[in-house]
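The structure is given below, and queries will be raised subsequently.
The values are calculated or read from the model by the stated rules, or taken from the named source; none is laboratory data. No experiment lies behind these values; they were computed from the predicted model shown. Here Cβ is always computed from backbone atoms with ideal geometry, including for glycine, and neighbour counts include all displayed protein chains. Remember, those area values only see protein heavy atoms, side chains included, never the ligands or the DNA or RNA. Shrake-Rupley method; radii C 1.70, N 1.55, O 1.52, S 1.80 Å.
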Amino acid sequence: MINTANGTISTSSSSANAQSPGLKTYFKTPEGRYKLHYEKTHPSSLLHYAHGKTVTQVTLAHLKEKPAPSTPTSSSSSYSASSGVRSAAARWLGAGNGSRTLGFAGGNGGSKSIGSTSRIGSLGASSSSNSINNMNFDGKGTYLIFNVGDAIFISDLNSQDKDPIKSINFSNSNPICHAFDQDAKDGHDLLIGLNSGDVYSVSLRQQLQDVGKKLVGAQHYNKDGSVNNSSRCTGIAWVPGGDGVFMVAHADGNMYVYEKNKEGAGDSSFPVVKDQTQFSVSHARYSKSNPIARWHVCQGSINSIAFSHDGAYLATVGRDGYLRVFDYSKEQLVCGGKSYYGALLCCAWSMDGKYILTGGEDDLVQVWSMEDRKVVAWGEGHNSWVSGVAFDSYWSSPNSDGTGETVMYRFGSVGQDTQLLLWDLEMDEIVVPLRRCPPGGSPTYSTGSQSSHWDNISPLGTLQPAPSIRDVPKVSPLVAHRVHNEPLSGLIFTQESVLTVCREGNIKIWMRPGVGESHSSNSETVLSNSLKDKPFVSSKIGSSSYKQ
């Protein structure tokens with residue numbers, strides 16, 4: 001139980017981590033206070049680290065009503081803290097921000113809106129966990145899927161219970177990444193990638209129905225590293241609108257394209273990569289092979305992948321410090337560029353596909369423009385590596401011009417400095433450096449004449465070098481708040497809240513200003529109507545690849 005009356009947290013659970021006296025249960029923004037509503041974690045007694053520690057990643061999964069001839073009669077329809085959540089993997093749940101699953105850390109795929117008939121129960125209305133063991137259990141609701149140690153945990157976002165409702169253990173390797181597709185046309189909607197390179201697809205509903213602690217009804221890909229010599233999975237995403245196609249990124253710089261309905265019979269080998277530094281695509285030699293293609297992206301690990309929300313483009317960031325943006329259907333490199341320093345760890349798309357956020361070892365949040373094909377702003381505010389970034393697609397700019405065009409963007413970032421930072425970015429007001437500097441002086445800034453970094457759009461397919469620190473406008477955070485005691489690994493924005501997660505597997509749900517007061521008897525109607533016009537974006541958060 002969380003008591004925030006005096007700004008501190010007390011809990012009746014003896015296993016719960018005590019809130020540090022230095023951590024507040026709210027933070028202020030111009031719109032009002034974001035308040036800590038509750039937390040999610042895992043039973044420490046269930047953890048096993050036989051295969052080494054991993055960084056927790058979280059996927060937000062909205063499970064639709066089970067297709068059936070008859071309508072369920074149960075009146076307790078479940079809702080997850082913001083049924084406006086981004087879903088995962090088909091769009092990209094991936095937030096990457098992801099595809100039809102965050103569609104991450106995120107939005108991996110095409111937008112889907114929730115109809116007015118969607119029923120959303122009030123936040124915190126927990127359903128009986130006993131029904132989980134019932135094979136007739138519908139499972140409708142929103143869930144948090146997260147990995148800790150050798151296990152995957154599933155928590156009901158509707159419930160304020162700290163502990164998960166389901167755990168799945170892996171005996172030979174640790175789960176690293178996962179993605180969910182709320183629009184999957186058959187049962188398999190959840191992907192799980194392991195440290196061993198193995199990949200599984202399963203039905204989330206089927207896992208919830210089963211009482212055991214092992215995967216049930218799973219399809220296994222890259223078994224025992226048969227495709228890529230057991231290179232670690234680092235990212236996974238459903239291809240938006242791909243009808244069961246998904247991509248898996250690995251630590252060896254390769255991405256593989258799979259079809260979930262293929263058994264993988266036949267030869268699945270690919271030619272040796274001749275030049276590790278060059279992008280190349282190879283297709284399977286046989287129609288029955290699975291994976292169906294290999295994308296060699298870079299030398300060294302790919303750390304994160306994210307599809308644009310329309311599925312047209314795929315962004316990757318890697319150990320070599322480069323962001324790369326690909327035209328997915330054409331299998332071509334469009335643009336990209338290098339960080340100011342070190343590896344890039346995370347990336348996320350804006351809903352309109354105009355901008356990409358990246359974060360990494362230079363402690364900066366970089367804003368990349370697809371139109372200009374270059375960095376257009378640096379966010380300075382973190383004191384350590386930036387491990388998660390996401391646009392807030394549910395935030396409305398107070399100075400909207402009424403044209404439907406986004407004139408200001410709100411986005412968030414988290415880092416190993418344990419801080420959540422919120423940023424507002426108005427591109428029309430970005431102040432850019434002048435072309436020339438006074439001799440021996442610092443550059444002056446103006447909205448007029450621009451520096452050479454801004455002169456020309458980069459040629460298609462060009463990777464830009466790291467820009468000079470003088471050439472990129474700097475932005476400062478709107479909010480900087482220490483939200484956990486441990487380094488953070490990701491964040492998700494939902495219609496009602498912001499979710500933050502630390503690398504040790506503790507999740508906090510921060511309610512937006514005014515949301516707590518609005519949870520009255522009519523909240524179901526209000527929320528249902530408010531979701532009509534909001535696309536469902538799949539979400540996933542967490543970076544699996546920074547140092548332990």
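Near Lys338, within a Cβ-to-Cβ distance under 14 Å, what is the net charge of the other residues, with Lys and Arg +1 and Asp and Glu -1?
0
Follow-up question, since we're still on this one. Heavy-atom accessible area of His37 with all protein chains present, probe 1.4 Å, nearest 10 Å²?
Roll a 1.4 Å probe over it and His37 shows about 50 Å².
While we're here: Enumerate lysine pairs in the range 135-255 that are 8 or more residues apart or on different chains, then count those whose Cα atoms are under 21 Å apart.
For the range 135-255, the number of qualifying lysine pairs is 9.
Shifting gears a bit: Send over a whole-number figure in Å² for the accessible area per residue of the range 229-298, probe 1.4 Å. Could you put the intermediate results ahead of the total?
On the way: 2990 Å² over 70 residues.
Roughly 43 Å² per residue, with all protein chains present.
Applying the Karplus parametrisation 6.51 cos²θ - 1.76 cosθ + 1.60 with θ = phi - 60° to the phi angles of the range 497-505, what ³J(HN,Hα) value in whole Hz is obtained for each residue in order, glycine and proline being reported as x?
7, 10, 9, 10, 9, 9, 5, 8, x
Let me ask another. Local charge sum around Ser196 (other residues, Cβ-Cβ under 9 Å, Lys/Arg +1, Asp/Glu -1)?
Neighbour charge sum, excluding Ser196 itself: -1.
Based on a Kirkwood Rh over C-alpha pairs, give the Stokes-Einstein translational diffusion coefficient of the range 249-305 at 37 °C and viscosity 0.692 mPa s in µm²/s.
The Stokes-Einstein estimate is 279 µm²/s.
Starting from the amide H of Tyr328, placed 1.01 Å from N in the peptide plane, find each other amide H under 5 Å away whose residue is 5 or more places distant or on another chain.
Long-range HN contacts for Tyr328: Tyr313, Leu314.
Going Cα to Cα from Lys338, which lysines come in below 25 Å? Please leave out same-chain ones fewer than 8 positions away.
Within reach: Lys274, Lys330, Lys354, Lys374, Lys474, Lys540, Lys547.
Separate question: Could you please put Arg512, Arg319, Arg232 in sequence from largest to smallest accessible area, using a 1.4 Å probe?
My answer, sorted largest first, is Arg319, Arg232, Arg512.
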